[in-house]
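The values are calculated or read from the model by the stated rules, or taken from the named source; none is laboratory data. It should be emphasised that the depicted structure is a prediction, and the values quoted were computed from it without experimental measurement. Cβ coordinates were reconstructed from backbone atoms using ideal geometry, including for glycine residues, and neighbour counts include every protein chain displayed. For accessibility, only protein heavy atoms count, side chains too; no ligands or nucleic acids. Shrake-Rupley method; radii C 1.70, N 1.55, O 1.52, S 1.80 Å.
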Amino acid sequence: MKRFDVTALGEILIDFTPAGKSKNGRTLFEENPGGAPANAAAAAAKLGARAAFIGKTGDDQFGRDAKAALENCGVYTGAMKTDKRHTTLAFVTLAHSGERAFSFARSDGADINLSADDIDEKLINESTFLHIGSLSCTDEPSLSATRKAIGAAKNGGIFISYDPNWREPLWRDKEEGIETMRSLFKYADFVKIADNELALMYGENTPIAAREILDEGAKLVCVTLGKDGVFYKTQGYEGIVSIPQYNIEVRDTTGAGDAFTGALLYRLTRRENPFSFTEDELKCDLHFANAAATLCVSRYGAIPALASLSETEKLLASFPGISGKQP
């Protein structure tokens, strides 16, 4: 048995999320630790997976808070590094629907200064999955660090999970960013991608674009469709798993996709072979991941909004006819 189910690598930062108005009518912001790979690791850990995180924060209070948030979810942080540079910050604005827009304070931030020397290859080889995003590929030296981690995983026969998270302001050039994000598909066994990101990179309808990703070598592609659920595709079958009309108010969609990814990685790693499943078993796993994401959007922030196993199972049980129970 591997020491860890999932080791995630990439950005960890602080999301400043709107939290009401001051007495002068100014927007107040709440500090919420986040960053897509960190969120996914925390989501998996909070559900019961053995998860670890590789990344870099500043030696400041924001960095200490971010690290503590991971540890509070049960994530192993022994491979994290600190830097004299500042912890990366993201300021989130929310529409009435809960959808987000981001402004970043990242120039020379700690997360993009994760270097190849910071990568713990032994830790990666003690994991079932290495989970990566794309934002560690926007700058050096974190791009080289990501490539080293991918190489270590491939050499060790470790599965790779990939979420090409698109944030246009963080790329110097849009076309270069898209090309870099697409270049990582050939390493991935599992790809989770949002429908708008799939359209950005392929400009085609979902089934055809998902097939192109499978042709790169992936075993499972999941395209998240927001409130409409998820489209899945394997070499054998495809379909959509919809989200029931749960009685939940959408407050903040920050981290929802990462909650989905972490929950699905949790379920996949309950098996001896993560990719040995029937279509019915996969559908159950996707219902479970959808439920975890639904709970996340009902709360504010990313890591603070993540659901526990009991909460996720309770939500699934509240909707007759939907089974998230693992066969």
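Which label marks the calculated value of Kirkwood radius over Cα pairs in Å, given the options (1) 19.5; (2) 22.2; (3) 23.5?
After the calculation, the listed value that fits is (1).
Rounded if a/c is under 1.5, else prolate if a/b is larger than b/c, else oblate: which is region 14-100, with a ≥ b ≥ c the root eigenvalues of its Cα gyration tensor?
Oblate, because a/c is 1.5 or more while a/b does not exceed b/c.
For residue 159, enumerate residues with amide H under 5 Å from its amide H, sequence gap 5+ or separate chain, H modeled in the peptide plane.
So residue 159 has HN proximity to 130.
Roughly what would the spin-label model give for residue 204 and residue 245, points 7 Å off Cα along C-beta, in nm?
Using points 7 Å along Cα→Cβ, the separation is 3.6 nm.
Straight-line reach from residue 227: which aspartates and glutamates have a Cα under 14 Å away, not including same-chain ones fewer than 8 places off?
99, 195, 249, 252
Under the rule of at least 5 residues apart or a separate chain, name every residue whose amide H is placed under 5 Å from the amide H of residue 30.
Amide H to amide H, under 5 Å and 5 or more residues apart or across chains, residue 30 pairs with 17, 19.
Taking θ = phi - 60°, what integer Hz values does the Karplus form 6.51 cos²θ - 1.76 cosθ + 1.60 yield along region 10-16, in sequence order, with x for Gly and Pro?
Here the 3J(HN,Hα) series is x, 6, 10, 8, 10, 8, 9 Hz.
Considering only C-alpha atoms, what is the centroid distance from region 137-170 to region 1-68, in Å?
The distance from the Cα centre of region 137-170 to that of region 1-68 comes to 18 Å.
When you count, for each residue, the other Cβ atoms within 10 Å and take the mean per peptide, how do 13-19, 61-67, 170-176, 290-296 rank with the highest first?
290-296, 13-19, 61-67, 170-176
If the chain between residue 115 and residue 103 were fully stretched, how many nm would it gain, using 0.36 nm times the residue separation less the Cα-Cα distance?
1.9 nm
Is region 1-61 best put as rounded, prolate or oblate by its Cα gyration tensor, with a ≥ b ≥ c the root eigenvalues, rounded for a/c under 1.5, and otherwise prolate when a/b is larger than b/c, oblate when not?
prolate
Per-residue counts of other Cβ atoms within 10 Å, averaged by peptide: what ranking do you get for 201-207, 80-86, highest first?
Going by the mean number of other Cβ atoms within 10 Å, highest first, we get 80-86, 201-207.
Give me the accessible area of residue 57, 1.4 Å probe, in Å² rounded to the nearest 10.
Ignoring ligands and nucleic acids, residue 57 comes out at about 10 Å².
Quick one: 3J(HN,Hα) in Hz for region 203-214, Karplus 6.51/-1.76/1.60 with θ = phi - 60°, rounded, Gly and Pro as x.
x, 10, 5, 4, x, 5, 5, 4, 4, 4, 5, 4
As a test question: what accessible area, to the nearest 10 Å², does residue 21 have when a 1.4 Å probe is rolled over all protein chains in place?
Surface open to solvent at residue 21 totals about 130 Å².
Based on the Cβ-Cβ distance of residue 319 and residue 94, what FRET efficiency does E = 1/(1 + (r/R0)^6) give at R0 = 25 Å, to the nearest 0.05?
That pair, residue 319 with residue 94, gives E of 0.40.
Would you kindly derive the ³J(HN,Hα) couplings of region 2-8 from the backbone phi angles with the Karplus curve 6.51 cos²θ - 1.76 cosθ + 1.60 (θ = phi - 60°), listing them in order in whole Hz, with x for Gly and Pro?
Calculated HN-Hα couplings, in order: 5, 5, 10, 6, 9, 10, 9 Hz.
Counting alpha carbon pairs within less than 8 Å and at least 6 residues apart, what relative contact order, in whole percent, applies to the chain?
The value is 18 percent.
Which far-off residues, 5 or more places away or on another chain, put their amide H under 5 Å from the one on residue 56, with H placed in the peptide plane?
12, 81
Give me the log10 of I(q) over I(0) for region 1-154 at q = 0.15, 0.19, 0.20, 0.21 Å⁻¹, as the Debye formula computes it from C-alpha points; what are the numbers?
-0.74, -1.11, -1.21, -1.30
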